[in-house]
Amino acid sequence: MATISTLPFVRHLRAGEASHIRHLVGGTPKHSGAGAAFWFRPMTAVISEIPVDDRERPILIQVRTTDLQQVAVPGVVTYRVVDPDLAATRVDFSIDLGTGGWTQTPLETMGAVVHGAAAEAVTTALAGLDLRAALTADLGALGNQVTTQLASDPRLTSLGIAIIGIRFALLRPEPDVER
């Protein structure tokens with residue numbers, strides 16, 4: 001989160017290296033970059049803070065096998081914003097100029113897109129498998145296959161997001177079937 005110091009007519013913003021700051025005045029970029037520090041006038045400034053560090057999003061996806069059994073697929077998707085300027089045009093990362101906190105919930109928005117894309121990729125990867133084949137699938141190979149599919153997903157690339165990797169925990173059938 002950016003730190004904002006207040007003086008009578010101006011304010012000073014300081015951000016860490018893991019945050020890309022985008023400062024606009026009248027729609028024109030004045031400052032842009034990671035770890036930015038600058039003075040600004042609050043009445044004319046629009047400032048966005050986009051995190052560029054690695055983020056993890058836990059996922060839990062229910063997949064139906066060819067023999068009509070439900071399989072729970074828990075995992076964690078690691079992603080990063082690689083084009084913060086593009087992300088700022090698609091998701092509202094604007095910050096409150098008094099507190100430095102986000103005015104919206106951009107991480108939840110991005111996380112929902114990542115979760116949706118991952119759910120589709122996992123469902124596609126496990127399509128056509130029966131329960132036994134799904135439960136005995138190589139989790140490393142499944143992670144590589146899903147990562148490859150997510151790397152070319154237009155929903156993620158249009159937000160400036162790159163998938164670093166995905167790791168899966170043990171796939172589990174429904175509790176009655178497991179017993």
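The values are calculated or read from the model by the stated rules, or taken from the named source; none is laboratory data. Bear in mind the structure is a predicted one, so any value in this text is a computation, not a measurement. Areas reflect the complete protein model, heavy atoms only, side chains present, ligands, DNA and RNA absent. Shrake-Rupley method; radii C 1.70, N 1.55, O 1.52, S 1.80 Å.
Which far-off residues, 5 or more places away or on another chain, put their amide H under 5 Å from the one on ILE59, with H placed in the peptide plane?
GLY75, VAL76, VAL77
Which value, in Å², gives the accessible area per residue of the range 89-167 when a 1.4 Å probe is used on the protein heavy atoms?
Accessible area per residue: 48 Å².
Expressed in nm to one decimal, what extension gain is obtained for the pair THR99 and HIS115 from 0.36 nm per residue of sequence separation less their Cα-Cα distance? Working shown, then result.
On the way: separation 16, 0.36 × 16 = 5.76 nm, distance 2.96 nm.
Gain in length upon complete extension: 2.8 nm.
Counting only the heavy atoms of the protein chains, how much of TRP39 is accessible to a 1.4 Å probe, in Å² to the nearest 10?
About 140 Å², ignoring ligands and nucleic acids.
Give a residue-ordered list of calculated ³J(HN,Hα) values for the range 34-51 (Karplus: 6.51 cos²θ - 1.76 cosθ + 1.60, θ = phi - 60°; whole Hz; x for Gly, Pro).
7, x, 6, 9, 6, 8, 8, 9, x, 6, 10, 9, 10, 10, 10, 10, 10, x
If you average the alpha carbon positions of the range 92-111 and of the range 1-61, how far apart do those two centres end up, in angstrom?
Using only Cα atoms to place each centre, the spacing works out to 10 Å.
Express in Å², to the nearest 10, the accessible area of ASP96 obtained by rolling a 1.4 Å probe over the protein heavy atoms while all chains stay in place.
Probe radius 1.4 Å; accessible area of ASP96 about 70 Å².
Tell me the Kirkwood radius of the chain: reciprocal of the mean inverse pair distance over distinct alpha-carbon atoms, in Å. Display every interim value, and only then the final one.
On the way: mean 1/r = 0.0549 Å⁻¹.
Across the chain, the inverse of the average 1/r is 18.2 Å.
Do you know the relative contact order of the chain, to the nearest whole percent, from alpha carbon pairs under 8 angstrom that are 6+ apart?
22
So how tilted is helix 106-126 from the main axis of the chain? Cα-based, degrees 0 to 90, rounded to 10.
For helix 106-126, the angle is close to 20 degrees.
Need one value: the accessible area of SER48 in square angstrom, 1.4 angstrom probe, rounded to the nearest 10.
In the full protein context, SER48 sits at about 20 Å².
Using only DSSP helix segments of four residues or longer, with each worth -39500 (n - 2.57), what per-residue ellipticity at 222 nm results for the chain after dividing by its residue count and rounding to 500?
Computed mean residue ellipticity for the chain: -8500 deg cm²/dmol.
If amide H atoms are built 1.01 Å from N in the plane of the peptide, which residues on other chains or at least 5 residues away come under 5 Å of the amide H of ILE164?
Hits under the 5 Å cutoff: THR78, TYR79, ARG80.
Against the longest alpha carbon principal axis of the chain, how many degrees, from 0 to 90 and to the nearest 10, is the axis of helix 139-151 turned?
So the inclination is approximately 50 degrees.
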